[in-house]
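Participant: Pasting in a structure now, in C-alpha cells, and then I'll have a few things to ask.
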Amino acid sequence: MSNPPHTPGNSVPLAARAPDEPLAAHEVPITACVLTSPKTLALEPRILPAPPPGFLQLRIVSTALCGSDLHYWKHFRNGSIVPQSPLILGHESCGEVTAVGPPSSDALAGPAPAHEWKVGDLCALEVGIPCGACTLCLPPGEGGLGRYNICPNMRFRSSGRLPPPDFPGGGLLEGTLQGGLNHPAAWCHPLPPGFNPHLGSLLEPLAVAHHAMTRALPLPPTAPPPIIIVLGAGPVGLLISACLKRLPHQHLPPHPPAQKPKPPLPPPIPASQRPKIVICDIVQARLDFAVHEVGWADASILLAPALLKLSKQDLAVYISRRLANTLPVPAATGGQQQQRRIEAVFECTGVPSSLDLALHLCSPGGKILVLTIPPPETVLPLGLATLREVDIRGVFRYGPGDYERAIEVVREGRIRGLEKLVTHTVVGLGEVGSAMELLARGVDADGKDVVKVVVEGDVVGDFGRGVGGGVAWRGVKVPLEEGAAGVGLEMVEEEEEEDEEEGGDEVEERGAETGAETGTEGGGEGDKGAVVILTTGDGGEKAAN
C-alpha cells in the first residue's frame, strides 16, 4: 500500500505533475530527503502546495535527528512498524511561516489557533495530529479524557504506521527532512523573536520529558526526600533528569493554547523536600555531562560490563547500597540511620534487562515510568510489582500543555546548558546521510560523544529561491544565561543567483532503538573495566572494585 499522493500537509513529487504545469500562488519547489531502503536516501524534487484551510506553509529551519529516525534509516523499520512505501524522516523541528491558509472548522485541522500567524513567524511543530473527535481527544469538559497523545487515529510525521484505510485525513504524514511542508496551525507553537532554532528542535524531546515527569507526579512528601533514578542517559533521559532536577511543583496543571488565562501554579516544593536525581548509563562521558557540566543530576552510576553480568536482584542491591553511601541522610533520633526511598524509576533504554532492573530498584508503593517500547516477547518479574504495589506507567510522547511548558522552560532559561545537548550540526538535506552515520557511530572523528545532531535547512538548496527574502538562518552559540530566549539568530543574506536552484538491542549497543527514543542512543562503548564510579554534584566521587 502506498501513501495517497495528496494527503493534506504533504508535498507532491515533481514527477506527478505535468512538465509544463506552472506554479500556482504559494506553490513552492522544494527538495525532500526520502528513505527508500535501509541506509539509502534520495534527494527528490517536489512541489509544496499552497496551505489548505487551517494550515501554515512552513520552511523547515532545523530538524534534530531522533533515535527512531536512526532506526528507520538503519533497518527501514522501527520495531514492528515496517513502512509500505518510501519514507521522509524527521519530527523534532522548527519552521518559518511562508504562507497562512484560510480559517477552517475541520476537526482534523485541530482547534482554532489562539495565535494570529503571519509570514516570517518562527514556530515549533507538534507533529502528532490526532483525530480531534474521539473520547481520548475531547477535553474533560466535553465528555472526553483530554489525552489526545494516545488517540488511536493519531498520525505522526515520519512514522511508518499507516492510519485506517477509511480515515478521512488521508495517509501518512511526511517527516520534516524536506525543504518545507504544510502543517495545521493549531499544532504549531509560536516562538518569540530571536529564539534559537536548535533549541526549537529540542522542544519536542523536552515535551516528552516534561510529559514523563508529570506522569510521575505527585510525589509523596516522604522524609528524607526520596531518590528518582533515570536509566539511560540518551537525549530524553538527560532531559528527564533536567526537568526533575528543577521540579518546581508537585502538580503541573496543563494549559492548552486556547485556555486563557493559564491556570495558576501551586506552591513550589521547598528545597529541603526536593528528590535526589540519579542517572545511570554505560558511558562515563554522558554521566559527567549530566552531573558536572550542566548539573542535571545529583549523582550518577556507571553501569560497567562486570556489573551488567550480575543478576538484576544483586545489581539492584548493589546500586541501593552505593546510593546510601553517596547520598547519605542524617541519622534519626535515637541513632537509627534513615534510608531514602527510590520513589520512581524512569526506563529510557528499551532494553528488557533494564526494565527488569527497574522493577527490582523501585521501592514498595513507587512508580516505574516506561518511555520506550520493549520487544513484544519481553519477560519480566511482574510479581514484584504486584506484591509491592509498584505502579508501571507508560509514557507516550506528550499531551495537552506539554509543549507550552517546554517553551516556557526554554524561554525563561530554567534549564542551564540546554543548548549543549546539540553536539553536532550539518547544513542541507544532502548531508543527512553523513549525519545518520555520525549518529550511528556515537562518536565523531575527534572522539567526541555524539548526543544530538541537527540538520539545518539550506534555504537556497532545499526551499524555493526567494521565499522568506532569500535569508539563510544560522544559530549563534551563546550561553543560555545571556538571553532568556536562549540563543539569538544571525541572518545571512544570500547572493542572488541567475539560475534557479532545485537543490539537490543490548544496552551496550549505542543507538539501538526499540521505540520512540532510547536512553542509550548515540554513545560509544562503555568502560570495559570492573570499576563502578559514583559521582556527586559537588565534584566528589566514590569508586568500588
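The numbers here are math on the coordinates, done by the rules we state, and not lab data. This is a predicted model, so every value here is computed, not measured. Counting neighbours? That spans all protein chains shown, and the Cβs are built from the backbone with ideal geometry, glycine included.
Participant: Starting from the 7 Å offset along Cα-to-Cβ, what nm value, one decimal, do you get for the label separation of Glu377 and Arg17?
Facilitator: 4.9
Participant: So which of Lys245/Lys309; Lys74/Lys312; Lys420/Lys452; Lys367/Lys452; Lys245/Lys420 end up more than 19 Å apart by C-alpha? Write down the numbers at each step before the final one.
Facilitator: Numbers: Lys245/Lys309 30 Å; Lys74/Lys312 30 Å; Lys420/Lys452 9 Å; Lys367/Lys452 29 Å; Lys245/Lys420 17 Å.
Where the Cα-Cα span goes over 19 Å, the pairs concerned are Lys245/Lys309; Lys74/Lys312; Lys367/Lys452.
Participant: Taking amide H positions as placed in the peptide plane 1.01 Å from N, state which residues far from Ser300 in sequence (5 or more) or on other chains have amide H under 5 Å from it.
Facilitator: Placed amide hydrogens put Ile279, Thr535 under 5 Å from Ser300.
Participant: Ordered by packing density, taken as the mean number of other Cβ atoms within 10 Å over each peptide's residues, highest first, how do 62-71, 439-448, 37-46 rank? Mind showing how you got there, number by number?
Facilitator: Working: 62-71: 27.9, 439-448: 13.7, 37-46: 16.0.
In descending order of packing, they fall as 62-71, 37-46, 439-448.
Participant: On to the next question. On a full-extension model of 0.36 nm per residue, what is the gain between Ala24 and Thr423, subtracting their alpha-carbon distance, rounded to one decimal in nm?
Facilitator: Values: separation 399, 0.36 × 399 = 143.64 nm, distance 4.02 nm.
Result: 139.6 nm gained on full extension.
Participant: At what distance in angstrom do the alpha carbon centres of the stretch 49-79 and the stretch 382-403 lie from each other?
Facilitator: Cα centroid of the stretch 49-79 versus Cα centroid of the stretch 382-403: 28 Å apart.
Participant: When you count, for each residue, the other Cβ atoms within 10 Å and take the mean per peptide, how do 136-144, 75-83, 156-164, 202-210 rank with the highest first? Walk me through the numbers on the way to the answer.
Facilitator: On the way: 136-144: 13.8, 75-83: 15.8, 156-164: 19.2, 202-210: 27.8.
Taking the mean over residues of other Cβ atoms within 10 Å, the ranking is 202-210, 156-164, 75-83, 136-144.
Participant: What FRET efficiency comes out for the pair Glu408/Thr40, r = Cβ-Cβ distance, R0 = 41 Å, nearest 0.05? Let's see the in-between values first.
Facilitator: Numbers: r = 40 Å, r/R0 = 0.99.
In this case the efficiency is close to 0.50.
Participant: I want to check the label-to-label distance for Val329 and Lys118. Put each point 7 Å from Cα in the C-beta direction and report it in nm to one decimal.
Facilitator: 5.5
Participant: Using 0.36 nm per residue, how much length does the chain from Ser353 to His292 gain when fully extended, once their Cα-Cα distance is taken away? Walk me through the numbers on the way to the answer.
Facilitator: Working: separation 61, 0.36 × 61 = 21.96 nm, distance 2.77 nm.
Between Ser353 and His292, full extension yields an extra 19.2 nm.
Participant: Going highest first, how would you order 381-392, 355-366, 422-433, 275-286 by mean Cβ packing within 10 Å?
Facilitator: Numbers: 381-392: 13.3, 355-366: 21.4, 422-433: 19.1, 275-286: 25.5.
Those peptides, ordered most packed to least, come out 275-286, 355-366, 422-433, 381-392.
Participant: Further question on the same structure: How many angstrom lie between the C-alpha centres of the stretch 206-245 and the stretch 270-317?
Facilitator: When both Cα centres are located, 13 Å separates them.
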